[in-house]
Amino acid sequence: MKKSAKLTRAFLLKLELRSHPTLLCVIRGALGPLMEMLGFSAEHNREIIRAVDEAVSNIMRHSYRGRLDQPIEVYCNRLQRRTNGETEQGVEILLFDCGPAVDPTKLPARPLDEIRPGGLGLHIIRGSMDSVQYKRAGRLNQLRLVKYARSSKGDCGSVEEKP
Amino acid sequence: MKISARRVDTATILDVSGNIDMSNSPEVRKALLRELREKGVSRVVLNLTGVGYIDSSGVASLVEGLKASRESGSRFILFGLNDSAREVLKISRLLKLFEVYDDETQAIAS
């Protein structure tokens, strides 16, 4: 991945991996203890792991179309926000890949009332995180996932975030 | 991940252990369709007791098994789901579509 695209901020965790599905378990294994350390409940921990796993799977499947040797970077950092006079702790996860630009309006997410396999990944990501944002950053795709420790699912980050 | 099959009465029980993700979910799909379509087993029971994690591709394999069972008039039963597996089926709004039991005794007696 090009140096110019790399982040200068200090992150709690940075993972660089290739787009091989057998590495998904490595990501899950790294995130679990980190989210526990950040104070997430077991349920929220599972939601974060699920969202990141699905996002990386989507990169492997759609962005890299099954090629096994392409670069993926995952960064994790703390976040805080103030709501109703209380400080909530959270996590920001950034995922980068070098695949072609994604048109967010064309991302495959099927209606959930259809009983057929496939197309569930985006529902799982959106249903698990507080905020899901995609942007094209230079020649990279960037997916930003945010989750707060005391948040309710699906509350899409209307509150100011302070990295 | 490992899958093994055994017969109990008229049912085939598929014991799965490990995590199910896009690296191995085709194996689950293959095992289910072999029992439901090729062998025509009347009742296929999937034991997920040993499964720690299942992703959307694993869920898709279960949906394929469910569809195959409906097409062939057989039953497709799940048991031993942990919190993670229940949550992913729930968030996909699929949990109620499956026959789900807590343990093997209940699944076989059903």
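The values are calculated or read from the model by the stated rules, or taken from the named source; none is laboratory data. Keep in mind that what you see is a predicted model, and the values were worked out from it rather than measured. Here Cβ is always computed from backbone atoms with ideal geometry, including for glycine, and neighbour counts include all displayed protein chains.
Do you know which residues across the stretch A:126-143 are in a strand (DSSP E or B) and touching a Ser or Thr at 6+ places or on another chain (Cβ under 7 Å)?
A:141
Which one is farthest from the other protein chains (Cβ to nearest Cβ) among residues in the stretch B:97-110 that are in contact with a Leu (Cβ under 9 Å, 6 or more places away or on another chain) and without any contact (Cβ under 8 Å) to a residue 24 or more places away in the chain?
Filtering first and then ranking leaves B:102.
Looking only at the stretch B:76-97, count how many residues are closer than 11 Å to residue B:46 by Cβ and surrounded by fewer than 17 Cβ atoms within 10 Å (Cβ to Cβ). Walk me through how you get there before you give the answer.
If we filter the stretch B:76-97 for residues that are closer than 11 Å to residue B:46 by Cβ, which is where we start, we get B:76-81, B:85.
Filter again for surrounded by fewer than 17 Cβ atoms within 10 Å (Cβ to Cβ), leaving none.
Adding up the residues that qualify gives 0.
Sort out which residues of the stretch A:67-102 are among the hydrophobic types (A, V, I, L, M, F, W, C) and modelled with pLDDT of 95 or more, and write them in order of number.
Within the stretch A:67-102, A:68, A:72, A:74, A:76, A:91, A:93, A:94, A:95, A:96, A:98 qualify.
Under the condition of being assigned to a helix (DSSP H, G or I) and in contact with a helix residue (DSSP H, G or I) (Cβ under 7 Å, 6 or more places away or on another chain), which residue from the stretch B:34-49 is surrounded by the most Cβ atoms within 10 Å (Cβ to Cβ)? Break it down into steps so the answer makes sense when it comes.
From the stretch B:34-49, those assigned to a helix (DSSP H, G or I) are B:34-38; that's our starting set.
After this cut, where a residue has to be in contact with a helix residue (DSSP H, G or I) (Cβ under 7 Å, 6 or more places away or on another chain) as well, the list is B:36-37.
Working: B:36: 26, B:37: 15.
Among residues in the stretch B:34-49 that are assigned to a helix (DSSP H, G or I) and in contact with a helix residue (DSSP H, G or I) (Cβ under 7 Å, 6 or more places away or on another chain), the one surrounded by the most Cβ atoms within 10 Å (Cβ to Cβ) is B:36.
Suppose we filter the stretch B:71-84 for residues that are facing another protein chain (nearest Cβ under 10 Å) and touching a strand residue (DSSP E or B) at 6+ places or on another chain (Cβ under 8 Å); how many remain?
2
Listed here are the residues, each with its yes/no results for (1) closer than 22 Å to residue A:122 by Cα; (2) surrounded by fewer than 18 Cβ atoms within 10 Å (Cβ to Cβ); (3) of a type in the set (Asp, Glu); (4) more than 11 Å from the chain's Cα centre (by Cα).
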{"position": "B:10", "(1), (2), (3), (4)": "no, yes, no, yes"}
{"position": "B:13", "(1), (2), (3), (4)": "no, no, no, no"}
{"position": "B:18", "(1), (2), (3), (4)": "no, yes, no, yes"}
{"position": "B:21", "(1), (2), (3), (4)": "yes, no, yes, yes"}
{"position": "B:32", "(1), (2), (3), (4)": "no, no, no, no"}
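Consider only pairs whose beta carbons are under 6 Å apart and that are at least six residues apart or on different chains; among these, list those whose first residue lies in the stretch A:54-82 and is within 12 Å of chain B (Cβ to nearest Cβ) and whose second residue is surrounded by 15 or more Cβ atoms within 10 Å (Cβ to Cβ) and part of a strand (DSSP E or B).
A:55/A:95; A:55/A:143; A:59/A:72; A:59/A:97
Looking at (1) surrounded by fewer than 20 Cβ atoms within 10 Å (Cβ to Cβ); (2) small (Gly, Ala, Ser); (3) within 14 Å of chain B (Cβ to nearest Cβ), which is the only condition residue A:51 fails?
(1)
Mind listing just one residue for me: the one in the stretch A:10-48 that is among the acidic types (Asp, Glu) and within 10 Å of chain B (Cβ to nearest Cβ) and, of those, nearest to residue A:94 (Cα to Cα)?
Checked the stretch A:10-48; the qualifying residue nearest to residue A:94 (Cα to Cα) is A:47.
Output the residues belonging to the stretch B:37-57 that are within 25 Å of residue B:82 (Cα to Cα) and either within 14 Å of another protein chain (Cβ to nearest Cβ) or of a type in the set (Lys, Arg) (or both).
Of everything in the stretch B:37-57, those that are within 25 Å of residue B:82 (Cα to Cα) and either within 14 Å of another protein chain (Cβ to nearest Cβ) or of a type in the set (Lys, Arg) (or both) turn out to be B:43, B:51, B:52, B:53, B:54, B:55, B:56, B:57.
Determine which member of the set B:3, B:54 is modelled with pLDDT of 95 or more, among the β-branched types (Val, Ile, Thr) and surrounded by fewer than 22 Cβ atoms within 10 Å (Cβ to Cβ).
Checking each option against the conditions leaves just B:3.
Go through the residues of the stretch B:50-73 one by one and say whether even a single one is under 18 Å from residue A:124 (Cα atoms), in contact with a Phe, Trp or Tyr (Cβ under 6 Å, 6 or more places away or on another chain) and part of a helix (DSSP H, G or I).
Checked against the condition, which is being under 18 Å from residue A:124 (Cα atoms), in contact with a Phe, Trp or Tyr (Cβ under 6 Å, 6 or more places away or on another chain) and part of a helix (DSSP H, G or I), the stretch B:50-73 yields no hits at all.
Exactly one condition in (1) touching a residue at least 40 places away in the same chain (Cβ under 8 Å); (2) assigned to a strand (DSSP E or B) is false for residue B:12; which is it?
All conditions are met except number (1).
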